[in-house]
Every structure is written in C-alpha cells, then in structure tokens.
1. On the basis of being surrounded by fewer than 13 Cβ atoms within 10 Å (Cβ to Cβ), of a type in the set (D, E, K, R), at pLDDT 95 or above and on the phi < 0 side of the Ramachandran plot, does residue 78 make the cut?
2. Being among the hydrophobic types (A, V, I, L, M, F, W, C) and exposed (fewer than 14 other Cβ atoms within 10 Å of the Cβ) is the filter here, so list the residues in the range 9-41 that pass it.
3. Name, by its number, the condition in (1) within 20 Å of residue 26 (Cα to Cα); (2) in contact (Cβ under 8 Å) with a residue 40 or more places away in the chain that does not hold for residue 119.
4. Give just the number: which of (1) at pLDDT 95 or above; (2) buried (at least 18 other Cβ atoms within 10 Å of the Cβ) does residue 92 not satisfy?
5. So which of 52, 86, 60, 101 ends up being in contact (Cβ under 8 Å) with a residue 24 or more places away in the chain and over 24 Å from residue 14 (Cα atoms)?
6. Which strands (runs of 3 or more DSSP E) sit wholly inside the range 7-111 and have at least 2 residues that are among the β-branched types (Val, Ile, Thr)?
7. Starting from residues that are at pLDDT below 95 and touching a Leu at 6+ places or on another chain (Cβ under 8 Å), keep the ones in the range 5-40 and report whichever is farthest from residue 88 (Cα to Cα).
Amino acid sequence: MDPLSRRRPSDGELRVAERWQRADDAPRLCDEAPNLKTLRISAEEWRGGGGISGSGHVKIIQVATAPALFLMPCGDPRCKDGGHDITYEVMNMLRSQATQIEGEDGCGGSVGGGECARQLRYVVTATYG
C-alpha cells in the first residue's frame, strides 16, 4: 500500500471537504428563488478600518446550478475555523426580490491566540424575470 494514501487529511483539506458537503446538501438556488435571473457578489476584506490589498473579488453565481448557500472563506491563511456565511442575508434579499444589498460580516475565526480581525464588506446585486 502506498504510504501517502494512509496520511491524515490536513485541517484545510477537511474544511474544503466540509464546505463541498454543505453545498451538496443545500437546496438549489433556482428552487428557492425561481424568479432570479442573475446574482453577483462583490466582496473585499477589511482589517482595522482599511481594505486589504488584493482581497477584492467578484463572484458571478450560476443561478441554474448553484446551492442556496453563500459561504466565503477568510482570506488569512493563519485563520482557524473562520469565514463568512452571508446565506441568511442573501436569501432574505432574494425572498423580498430586492435588487441590491450591502453588508459587513466579521470572520469569527481565530489567529494565534486571539480573534481574527478581518471583516468582509459585500454588495450583492440581483435581477429577476
């Protein structure tokens, strides 16, 4: 037997596998928001009142196949058990058929012996039809 096949998965690999499982188990976005045509999330991480260079990104959601689950990992590689779950806010937006929301979400993880200081600032835009 190959000795590499017996190695224990890393914490990062376990977190990724857990995220994939949650996505697989979640209801489909097209079922939860049947009038939704497009969904886009623009996000940037902040720490101490300032944006973190290179942390901004835009995520275009594939409405037909996406889960109704909106999780974003913390961008700090040292962060343990952190990340951003904005599912509740996004689904409330979609249920009310709002076209845009803006918000912030604290990481909730830990770095070293203290709390992770990263904040996610996001704008979600949607179209319906």
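1. Values: surrounded by fewer than 13 Cβ atoms within 10 Å (Cβ to Cβ): yes; of a type in the set (D, E, K, R): yes; at pLDDT 95 or above: no; on the phi < 0 side of the Ramachandran plot: yes.
No: the conditions fail for residue 78.
2. Here is the first cut: in the range 9-41, the residues among the hydrophobic types (A, V, I, L, M, F, W, C) are 14, 16-17, 20, 23, 26, 29-30, 33, 36, 39, 41.
Selection gives 14, 16, 17, 20, 23.
3. With (1) within 20 Å of residue 26 (Cα to Cα); (2) in contact (Cβ under 8 Å) with a residue 40 or more places away in the chain applied to residue 119, the lone miss is (1).
4. All conditions pass for residue 92, except number (2).
5. Numbers: 86 fails: over 24 Å from residue 14 (Cα atoms); 60 fails: in contact (Cβ under 8 Å) with a residue 24 or more places away in the chain; 101 fails: in contact (Cβ under 8 Å) with a residue 24 or more places away in the chain.
That would be 52, the only listed residue that is in contact (Cβ under 8 Å) with a residue 24 or more places away in the chain and over 24 Å from residue 14 (Cα atoms).
6. Numbers: elements: 36-47, 57-61, 100-106.
So the answer is 36-47, 57-61.
7. 19
The values are calculated or read from the model by the stated rules, or taken from the named source; none is laboratory data. Remember, it's a predicted structure, so these values are computed and weren't measured experimentally. Using ideal geometry, Cβ is built from the backbone for each residue, glycine included, and neighbour counts are taken over all protein chains shown.
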